[in-house]
There are 2 protein chains.
Amino acid sequence: MERRKFLTTAALGTAATALAAPAIAQGGPQVAWRLTSGFPRTLDTIFGAAEVFSATVAAATDGAFQIQVFPAGEILPMPEAAEAVGNGTVEMAHTASYYYWGKDPTYALGTAIPFGLNARGTNAWHYHGGGIELMNEFYATQNLYGLPGGNTGAQMGGWFRKEISSLADLQGVKMRIGGMGGKIMERLGAVPQQIPGGDIYPALERGTIDAAEWVGPYDDQKLGFNQVAPYYYYPGFWEGGPVLSFLINLDKWNELTPAYQAVVTAAAAQANVGMMAKYDALNPTALRELVAGGAQLKPYPQDVMEAAFAASNEVYAEISAENAMFAKIYDSYSKFRNDQNLWFQVSEYTFDTFMIRNRPRD
Amino acid sequence: MERRKFLTTAALGTAATALAAPAIAQGGPQVAWRLTSGFPRTLDTIFGAAEVFSATVAAATDGAFQIQVFPAGEILPMPEAAEAVGNGTVEMAHTASYYYWGKDPTYALGTAIPFGLNARGTNAWHYHGGGIELMNEFYATQNLYGLPGGNTGAQMGGWFRKEISSLADLQGVKMRIGGMGGKIMERLGAVPQQIPGGDIYPALERGTIDAAEWVGPYDDQKLGFNQVAPYYYYPGFWEGGPVLSFLINLDKWNELTPAYQAVVTAAAAQANVGMMAKYDALNPTALRELVAGGAQLKPYPQDVMEAAFAASNEVYAEISAENAMFAKIYDSYSKFRNDQNLWFQVSEYTFDTFMIRNRPRD
């Protein structure tokens, strides 16, 4: 605790120094914000999306609007970020809203829910399916304003020490998985565990846990899971197209000039499309190297997928029965998802299928 | 011709009036640009992406940077847009770069080529696969600077008066299709036709042509093709993920302040992700209505797909042999595509497959 206090103070000092550089141009009012990321610097693609955002805001305002980006834990631990933004301790966060689903499950709908929309559908719902407006109805109750801020695409389904051939093999499996995915895995008979990223490898190595999910090839490779848990399952059905959020204190958002609001909105969209593009560019090489390094790619067995789908629908019905805001937004989200899949199965899916089948083998 | 001259003058008058409103805030230098769209207003999703872009640039600069958006033909016909931007007749265009492939086939790589990248892969290549940099090496030879500016997703494969059961049925079919897609169709035995959008319906109705491709359900529905050519084929393999371009006169781009360049770059990215999202939100309902209105959805026969794929690869080899710039960029593009399909086939494709199969039927 003392150490964190020290780090916090030191970080504030750094921020103050960095902000001392004056904006030299004509332009809008001087604004200095702090952004707490929900992620460490080691997740450079995710963390980097906040840096891209901040750099664009600064450049577009001739340096007048500065947003200092701090990794998780430097000024605030990740679990406190949403609340700290809401109460104004920090002006904004770049995080996954579903991290805060324990406070209200409606938060999860801002990022992803099991068997939800893929990445493109997630954008379609947010930008043109009423998603941003609906989520902001909820965020307003938390004194927040939110914008989509970067997608990973369908994540991988995690690393297992032993092969999972059917639902029976999941019974009692201790798996590092949080959020709604953990809740679903629990209903399937697994035992979800909450472990910070840096502790996963030794826990898998020692057998303290049997499995762990992280992100996808690019991020997973850095942690070396293939060396201790070689079965690499897909898809991460609880994260088919998770999108991060820029969460902004609602009062601070309302205080911005219309020009600054326009800059923030465009910069967030740029970070959103850019992060997905960066993951797609980085993942193929990492996947090849992981497979060369012993990872064994396995699809989840069909009975696991079906049981998880059924359990997810049960959970949504249960939450909807007791949470009107969740029910309202889930209704929009799930109908939109079904329509997206109707449309995707025609031209997109047929095109992708042909291209995948005809990929030159190497 | 006289009519176009009149319209041109009138349009300039309107632009001048609109620009007379002063920027009231402090801020950057006053800049007034004209943007010629490659599309009519009736393609509201595509045309609208330029309006979204222009509105963001104006809002983010407190009205100091105004970009007037004109539909195709109002100040310039679409085929002249790229050249007119390059020589400074107009500051910028929002168009499909592949429209100008007759001038140099390298233009096609900025939008889409047959059996190219899907929409997400297109973004990945442009933003993080070197695509923007490579295309701008080429665009610089045309005195242009380009940025991605909106995707349609995999387009549909067009409307046919008669069913196509195999490659043999394509022989002699007069099909309205332009660009590289037309070149491929020609190698397959069809007879490509160039017809403006508004003339397609009567040509199909009278049987002057046998088939026509346009965009996808949302745009196709407005033209009513299902009433005269009920066989609706997919996928549009020549446009698996076509992205529009904002093409800017290179000198004008270089004259912009760094802040304005940052605003334009972010606004273009916002328009890019927003247009794809809007199409995805609009297409499902249009698809349902088209099917209810008699459209018969049909996948292209496998032998058509395979012959088209082989013909495309032949065409790329031929062009590459005589055009070094095309060869260089195609090499990057096609390797990137193969890697994307390696990665997509794992988690994304498995997730999409499950979701499509488990979509509630309605």
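Find the relative contact order for the stretch A:177-232 and round it to a whole percent, using C-alpha pairs within less than 8 Å whose residues are 6+ positions apart.
It comes to 30 percent, rounded to a whole number.
For the stretch B:297-317, list whatever residues lose no less than 30 Å² of accessible surface once every protein chain is in place, relative to that chain by itself, with the probe at 1.4 Å.
Flagged in the stretch B:297-317: B:Met305, B:Phe309.
Report, to the nearest whole %, how much of the accessible area of the stretch A:81-158 belongs to carbon and sulfur atoms, 1.4 Å probe, protein only.
Whole-percent figure for carbon plus sulfur exposure: 50.
Dipole size in debye (nearest 20) for chain B around its Cα centre, Lys and Arg Cβ +1, Asp and Glu Cβ -1?
Using Cβ point charges on Lys, Arg, Asp and Glu, chain B gives about 580 debye.
Give, to the nearest whole percent, the P(r) tail of the stretch B:288-362 beyond 17 angstrom, counting all Cα pairs.
Beyond 17 Å sits 70 percent of the P(r) for the stretch B:288-362.
For the stretch A:31-111, what log10 I(q)/I(0) values come out of the Debye formula at q = 0.27 1/Å, with one point per alpha carbon and no solvent?
-1.26
Among DSSP beta bridges lying fully in chain A, give the percent that are antiparallel, nearest 5.
The antiparallel proportion sits near 45 percent.
Which value, in debye to the nearest 20, gives the size of the charge dipole of the protein assembly as shown about its Cα centre, when Lys and Arg are +1 and Asp and Glu are -1 at the Cβ?
240 debye
To one decimal in nm, how far is B:Ala140 from the same spot in the other copies, if labels go 7 Å from Cα toward Cβ? Please give the shortest first.
Going from nearest to farthest copy, the values are 5.0 nm.
Give the long-range amide H neighbours of A:Gly27: residues separated by 5 or more places, or on another chain, with amide H under 5 Å away, using H modelled in the peptide plane at 1.01 Å from N.
B:Gly27
How large are Rg and Dmax for the stretch A:43-182 when calculated on the C-alpha trace, in angstrom?
17.4, 59
If you restrict to DSSP beta bridges whose two residues both lie in the protein assembly as shown, what percentage is antiparallel, to the nearest 5?
Roughly 45 percent of the beta bridges in the protein assembly as shown run antiparallel, per DSSP.
Whole-Hz ³J(HN,Hα) for each residue in the stretch A:41-57, computed from phi via Karplus 6.51 cos²θ - 1.76 cosθ + 1.60 with θ = phi - 60°, x for glycine and proline: what do you get?
4, 5, 7, 5, 6, 6, 4, x, 5, 5, 5, 4, 4, 4, 5, 5, 4
Which value, in Å² and to the nearest 10, is the accessible area of B:Met325 when all protein chains are kept and the probe is 1.4 Å?
50 Å²
Can you pull the accessible area of A:Ile195 for me, 1.4 Å probe, Å² to the nearest 10?
Number for this one is 30 Å².
Which order do A:Asp331, B:Asp104 take when ranked by solvent-accessible area (1.4 Å probe, heavy atoms of all protein chains), largest first?
From most exposed to least exposed: A:Asp331, B:Asp104.
Which of the residues in the stretch B:154-184 lose at least 50 Å² of accessible area when you go from the chain alone to all protein chains together (probe 1.4 Å)?
B:Ala154
Could you tell me how far the Cα centroid of the stretch A:337-362 sits from the Cα centroid of the stretch B:220-295, in Å?
What the calculation gives is 18 Å, centre to centre.
Say a label goes 7 Å from Cα toward Cβ at A:Glu255 in every copy; what distances in nm does this one have to the rest, shortest first?
Relative to the other copies, A:Glu255 has label-point distances of 3.9 nm.
Under the Karplus relation 6.51 cos²θ - 1.76 cosθ + 1.60, θ = phi - 60°, what is the ordered set of whole-Hz ³J(HN,Hα) values for the stretch A:261-271, x standing for Gly and Pro?
Each residue of the stretch A:261-271 in turn: 4, 5, 5, 5, 5, 5, 5, 5, 5, 4, 5 Hz.
Rounded to the nearest whole Å², what accessible area per residue is found for chain B with the 1.4 Å probe?
Per-residue accessible area for chain B comes out at 36 Å².
List the residues of the stretch B:115-145 whose accessible area drops by at least 50 Å² when all protein chains are present, compared with their chain alone, using a 1.4 Å probe and counting only protein heavy atoms.
Going by heavy-atom accessible area, the residues of the stretch B:115-145 that drop by at least 50 Å² are B:Arg120, B:His128.
For the stretch B:24-80 and the stretch A:313-330, what is the separation of their Cα centres, given in Å?
One Cα centre to the other: 43 Å.
Using a 1.4 Å probe, how large is the accessible area of A:Trp343, given in Å² and rounded to the nearest 10?
0 Å²
Quick one: if you take sqrt(5λ) for each eigenvalue of the C-alpha gyration tensor of chain A, what semi-axes come out, biggest first, whole angstrom?
For chain A, the semi-axes come out at 34, 24, 21 Å.
Under a 10 Å cutoff between Cα atoms, tell me which one of B:Met92, B:Met180, B:Met305 has the largest fluctuation in the Gaussian network model of chain B.
B:Met305
What lysines does A:Lys278 reach when the alpha-carbon gap must be under 25 Å and sequence neighbours fewer than 8 apart in one chain are set aside?
Partners within reach: A:Lys222, A:Lys298, B:Lys278, B:Lys328, B:Lys335.
State the percent of C-alpha pairs, over all pairs in the stretch A:186-290, separated by a distance greater than 16 angstrom.
70 percent
For q values of 0.24 Å⁻¹, compute log₁₀ I(q)/I(0) with the Debye formula on a Cα-only model of the stretch B:164-221, without solvent.
The Cα Debye sum returns log10 ratios of -1.00.
Roughly how many percent of the accessible protein surface of the stretch B:183-256 is carbon and sulfur, given a 1.4 Å probe and a whole-percent answer?
Solvent-exposed carbon and sulfur of the stretch B:183-256 make up 43 percent of the total.
Report, ordered by chain and residue number, the aspartates and glutamates lying within cross-link reach of A:Lys183, taken as a straight Cα distance under 15 Å and ignoring same-chain residues fewer than 8 apart.
A:Asp104, A:Glu213, A:Glu239, A:Glu314, A:Glu318
Once Rh is set to the Kirkwood radius over Cα pairs, what Stokes-Einstein translational diffusion coefficient, in µm²/s, holds for the protein assembly as shown at a temperature of 20 °C and a viscosity of 1.002 mPa s?
81 µm²/s
Counting only Cα, what are the radius of gyration and maximum Cα-Cα distance Dmax of the stretch B:201-350, in Å?
Calculated on Cα positions, Rg and Dmax stand at 19.9, 55 Å.
Computed on protein heavy atoms with a 1.4 Å probe, what is the summed buried accessible area for the chain pair B and A, in Å² to the nearest 100?
What B and A bury together is about 6800 Å².
Let me check against my output: what whole-number percent is the relative contact order of chain B, with C-alpha pairs under 8 Å and at least 6 apart?
Computed over chain B, the figure is 21 percent.
Inter-copy label distances at A:Arg206, 7 Å along the Cα→beta-carbon direction, one decimal in nm, shortest first?
Reported distances to equivalent positions: 8.2 nm.
The values are calculated or read from the model by the stated rules, or taken from the named source; none is laboratory data. What you see is a predicted model, and the numbers here were worked out from it, not measured in a lab. In this analysis, Cβ positions are derived from the backbone assuming ideal geometry, glycine residues included, and neighbour counts consider all displayed protein chains. Just the protein is used for accessible areas: all its heavy atoms, side chains included, with ligands, DNA and RNA removed. Shrake-Rupley method; radii C 1.70, N 1.55, O 1.52, S 1.80 Å.
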